[in-house]
1. When the helices in the chain are scored as -39500 (n - 2.57) per DSSP H run of 4 or longer and the sum is shared across all residues, what 222 nm value do you end up with, to the nearest 500 deg cm²/dmol?
2. Using the alpha-carbon centroid of each, what span in Å lies between region 198-274 and region 111-165?
3. Starting from 0.36 nm per residue, how many nanometres of slack lie between Glu85 and Asp274 once their C-alpha separation is accounted for?
4. Would you pull out the residues with amide H under 5 Å of Cys104's amide H, same chain only if 5 or more places away, H placed 1.01 Å from N?
5. What is the dipole size for region 34-137, taken about its Cα centre, with +1 at each Lys and Arg Cβ and -1 at each Asp and Glu Cβ, in debye to the nearest 20?
6. Anything in the chain that counts as a DSSP H helix reaching 27 Å or more along its axis (C-alpha) with Kyte-Doolittle mean of at least 0.0? List them, would you?
7. Could you give the nm distance between label points at Arg165 and Met203, where each point is 7 Å from its Cα heading toward the beta carbon?
8. Only Lys, Arg, Asp and Glu count, each charged at its Cβ (+1, +1, -1, -1), so figure out the dipole size of the chain about its Cα centre, rounded to 20 debye.
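Every number in this text was worked out from the coordinates using simple rules, so none of it is lab data. The structure displayed is predicted, hence computed values, not measured ones. All Cβ positions, glycine included, derive from the backbone under ideal geometry; neighbour counts span all protein chains shown.
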Amino acid sequence: MAHNPQAAAEVIREQAPGFQPRLALVLGTGLGALAETIEHPFIIDYGDLPGFPRAAVEGHAGRLMLGKLAGVEVACMLGRAHLYEGHPAADLALPIRALRLAGCDTLILTNAAGSLNPRFPPGSLMMLSDHINMTGVNPLMGANDERFGERFFDMSQAYDRELRRRLAVAATALGIILNEGVYMALLGPNFETPAEIRAFRTMGADAVGMSTVPECLVARHCGMRVAAISSLTNLAAGMTDEELSHEQSLAVGALAAKDLSRLLPEFLSGLSSDAA
Ligand code: HPA
């Protein structure tokens, strides 16, 4: 049965009384450590949020944490649904819409991805300048929900210029290298073939992964500002002699996760001091 995002937003209001998140954060594979630094968090299990996904992949938890992070009221998703798990694409819309209804106007997405760009090494971070949706599906397929946005909407500024500028400033302040590039989303669950990676390079992709784009589409549809960062866990298939594995993604991702755990608070404190 299809759930209404309003129901999940109400649970958030009930379980985090008096707290209004303004920024939503989705922490991807191996990137959950940052959530530990949320002050006095309200923690809600996805099982208590109607329509939120049951997280399935190792390295993903299934809970929402609400609280202040570097002075900003955040709602932090630990774990997300992936298309390769077999969720109908439309189901990926609900958590983002619930967080929109709960008060978030900004969405920061993170993920683990493979690098197609030899200048962007494993263990480094890449901020998304744009994306290519190669999943073959879209969470906004089906009847348009006019409460959230228009049927046809603009994606020429998918990743917000001002948020990107602020992320770049925060990275510079901390001495963290933050490259910018194009993320291509694929359905998965397999890693790509070398021939696919060669094709995707000619198409302009700097990184490949299996998430983020559906959430970005839903968020842009309902007018949220979006930024996204990939933790590059490996060079993509065929670029080295190594075989790819999820375990390796988690291990290398841990390096980038450390940088991300410094970068996001610095970025957030910039946002909170400007809002003050
Ligand atoms: N391909 C797709 N998704 C990924 C990869 C990759 O090489 N690494 C981490 N997530």
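1. Working: 6 runs with 82 residues, N = 276.
Roughly -9500 deg cm²/dmol at 222 nm, from the helical runs in the chain.
2. 10 Å
3. On the way: separation 189, 0.36 × 189 = 68.04 nm, distance 4.00 nm.
Additional length available on full extension: 64.0 nm.
4. The list, which skips near neighbours in sequence, is empty: none.
5. Values: 7 positive and 10 negative charges, 36 e Å.
Magnitude of the dipole: close to 180 debye.
6. Values: long enough: 246-275 (40 Å, 0.24).
Helices meeting the criterion: 246-275.
7. Each label point lies 7 Å from its Cα, and together they span 3.2 nm.
8. Numbers: 21 positive and 30 negative charges, 104 e Å.
My answer is approximately 500 debye.
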